[in-house]
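Enquirer: Take a look at the following structure, please.
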Amino acid sequence: MIIRPKVRGFVCVTAHPVGCAAHVQEQIDYVRGKERLEGGPRNVLVIGSSTGYGLSSRITAAFGAGTNTLGVYFERPPAEGKPATAGWYNMAAFDRFAQNEGLYTRNVNGDAFSREVKKEVIDLISKDLGSVDLVIYSLASPRRTHPDTGHIHRSVIKPIGRSFTDKTVDVDKGLVQEVTLEPASREEIDDTIAVMGGEDWELWMRALADAGLLARNAATLAYSYIGPEVTWPIYHKGTIGGAKTDLLHRARRIEDLLKPLNGLAHVSINKAVVTQASSAIPVVPLYIAILFKVMKEKGIHEGCIEQAHRLFADRLYQGGGLECDEEGRIRLDELEMRADVQDEVARIWKDITTENLSELSDIEGYRNAFLRLFGFGLKGIDYERETDLLVSSQHFEASTS
């Protein structure tokens, strides 16, 4: 079938298998263009490996250091007349490219919050790898079924304490408009922490430790974001920020767990990028569109793969060493938060309207980055060509050679 993008709200409900493979290949090529990561991890578990920072971390480990990788994700395969999710195609492509390089790659497609998936992963590690020395936790889910109570927690994107009004953008229509969000209830705050906080990360690490599957000097990382004050009411000081505070609290508990192994647990604060998750947060897409313009003009723009590679190369395994802020967080957002960048963003934010949106922001770059998440808008691909919904990266190589 011919697959075209169908965007509904902040989600594209179609994905292009050849385009997704090309997007994965681009990231692999970026990593291959860098020096090999010496002293990198041997065996990596990536929980939430199919998109965004999780995907880029897995690519960096596998193709930058020759690491054995095990990925956990929850993605829908293709069905009759219906494409798979982008993450499913990403993982199919990653597997094919990794296998072509002779790299170990295994996956578990299921609910990472469940005890059943944890047991399946533990069995795989025990059978194939013996232990893991790096665990990346990069889940982004709107809901979580608690493994003990069976209660379904649903996250919300709301301010805490009082309502919030500011600018946002309708990305499809190019309209800059006001959005008002009412404050979250205590139950909504707690539910968001249950979904997006660190409890499940800690459960994963305890399960791996109890099974004796964490190597000496093992490290684990979870990803987070702080951003500038313009986004704080809806992010850093909102329900999501409450969950990220819990993430940091859990990192300290996990580090205590890892002390006998001389292990480390850190939260990495990354820059704002276009992901399926960030697209759902009011205010943030407009901020990112402005940020892209400013950082591109200054020649310091980064996406997920650039951030992931810099994390591994400059912080975790070689280069500048692991420097953290006063809260013990790794800061990869230092370019975004530079004073000259934020001063320019703040100036534009004050003046931006629907009429000057294209001039004062990189809204087109935002749209392109969003569609690329789903395999659309990549060079060298004939999007008018009939495409097999089960197409693999092997088909991609044949169709673009």
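The values are calculated or read from the model by the stated rules, or taken from the named source; none is laboratory data. Predicted model, so just to flag it, every value in this text is computed and none were measured. Methodologically, a virtual Cβ is constructed for each residue, glycine included, from the backbone with ideal geometry; neighbour enumeration extends over all protein chains shown.
Enquirer: Give the residues of the stretch 199-214 that are within 16 Å of residue 46 (Cβ to Cβ) and either assigned to a strand (DSSP E or B) or touching a Pro at 6+ places or on another chain (Cβ under 8 Å) (or both), sorted by residue number.
Expert: Result: 214, single match.
Enquirer: Here is a further query. Output yes when any residue across the stretch 280-294 is more than 22 Å from residue 346 (Cβ to Cβ) and either modelled with pLDDT under 95 or surrounded by fewer than 19 Cβ atoms within 10 Å (Cβ to Cβ) (or both), and no when none is.
Expert: yes
Enquirer: Another question about this same structure. Among (1) touching a residue at least 12 places away in the same chain (Cβ under 8 Å); (2) surrounded by fewer than 18 Cβ atoms within 10 Å (Cβ to Cβ), there is one condition residue 148 misses while meeting the rest; what is its number?
Expert: The failed condition is (1).
Enquirer: Additional query: Out of 344, 297, 327, which single residue is surrounded by fewer than 23 Cβ atoms within 10 Å (Cβ to Cβ) and within 28 Å of residue 34 (Cβ to Cβ)?
Expert: Working: 344 fails: within 28 Å of residue 34 (Cβ to Cβ); 327 fails: within 28 Å of residue 34 (Cβ to Cβ).
Matching residue, one of 344, 297, 327: 297.
Enquirer: Could you tell me how many of the residues in the stretch 106-142 are within 23 Å of residue 264 (Cβ to Cβ) and assigned to a strand (DSSP E or B)?
Expert: The total comes to 6.
Enquirer: Is it fair to say residue 208 is farther than 19 Å from residue 181 by Cβ and over 18 Å from the mean Cα position of the chain (by Cα)? Spell out how you get there, then give the answer.
Expert: Working: farther than 19 Å from residue 181 by Cβ: yes; over 18 Å from the mean Cα position of the chain (by Cα): yes.
It is true that residue 208 is farther than 19 Å from residue 181 by Cβ and over 18 Å from the mean Cα position of the chain (by Cα).
Enquirer: Restricting to the stretch 1-40, count the residues that are outside any loop (DSSP other than H, G, I, E, B) and without any contact (Cβ under 8 Å) to a residue 12 or more places away in the chain. Break it down into steps so the answer makes sense when it comes.
Expert: First pass over the stretch 1-40, keeping only residues outside any loop (DSSP other than H, G, I, E, B): 7-8, 11-12, 17-32.
Still in the list and also without any contact (Cβ under 8 Å) to a residue 12 or more places away in the chain: 8, 29.
Here the count works out to 2.
Enquirer: Being without any contact (Cβ under 8 Å) to a residue 60 or more places away in the chain, among the β-branched types (Val, Ile, Thr) and out of contact with any helix residue (DSSP H, G or I) (no Cβ under 7 Å at 6 or more places or on another chain) is the filter here, so list the residues in the stretch 229-283 that pass it.
Expert: 245
Enquirer: Which pairs turn up if I take residues in the stretch 59-77 that are over 19 Å from residue 26 (Cα atoms) and in contact (Cβ under 8 Å) with a residue 60 or more places away in the chain and look for partners that are among the aromatic types (Phe, Trp, Tyr) and part of a loop (DSSP other than H, G, I, E, B) with beta carbon separation below 8 Å, at least 6 apart in sequence or on another chain?
Expert: 68/104
Enquirer: Look at residue 257 and say whether it is in contact with a Phe, Trp or Tyr (Cβ under 9 Å, 6 or more places away or on another chain) and part of a helix (DSSP H, G or I).
Expert: On the way: in contact with a Phe, Trp or Tyr (Cβ under 9 Å, 6 or more places away or on another chain): no; part of a helix (DSSP H, G or I): yes.
Considered against the rule, which asks whether it is in contact with a Phe, Trp or Tyr (Cβ under 9 Å, 6 or more places away or on another chain) and part of a helix (DSSP H, G or I), residue 257 comes out as no.
Enquirer: Give the residues of the stretch 41-62 that are touching an Asp or Glu at 6+ places or on another chain (Cβ under 7 Å) and outside any strand (DSSP E or B), sorted by residue number. Show your work before the answer.
Expert: Just the residues of the stretch 41-62 that are touching an Asp or Glu at 6+ places or on another chain (Cβ under 7 Å), to begin with: 41-43, 50.
Selection gives 41, 42, 50.
Enquirer: Looking at the stretch 277-361, what helices (runs of 4 or more DSSP H) fall wholly within it and have at least 2 residues that are β-branched (Val, Ile, Thr)?
Expert: Correct list: 284-297, 339-351.
Enquirer: Next question. Specify the residue that is farthest from residue 294 (Cα to Cα); the eligible residues are those in the stretch 260-274 that are more than 23 Å from the chain's Cα centre (by Cα) and outside any helix (DSSP H, G or I). Give the steps one after another, and end with the answer.
Expert: Step one: filter the stretch 260-274 for residues more than 23 Å from the chain's Cα centre (by Cα), giving 260-263.
Applying the additional criterion that residues be outside any helix (DSSP H, G or I) yields 262-263.
Values: 262: 41, 263: 38 Å.
Out of the qualifying residues, it is 262.
Enquirer: Go through the stretch 284-300 and report how many residues are more than 20 Å from the chain's Cα centre (by Cα) and either in contact (Cβ under 8 Å) with a residue 60 or more places away in the chain or closer than 18 Å to residue 142 by Cβ (or both).
Expert: Qualifying residue count, the stretch 284-300: 3.
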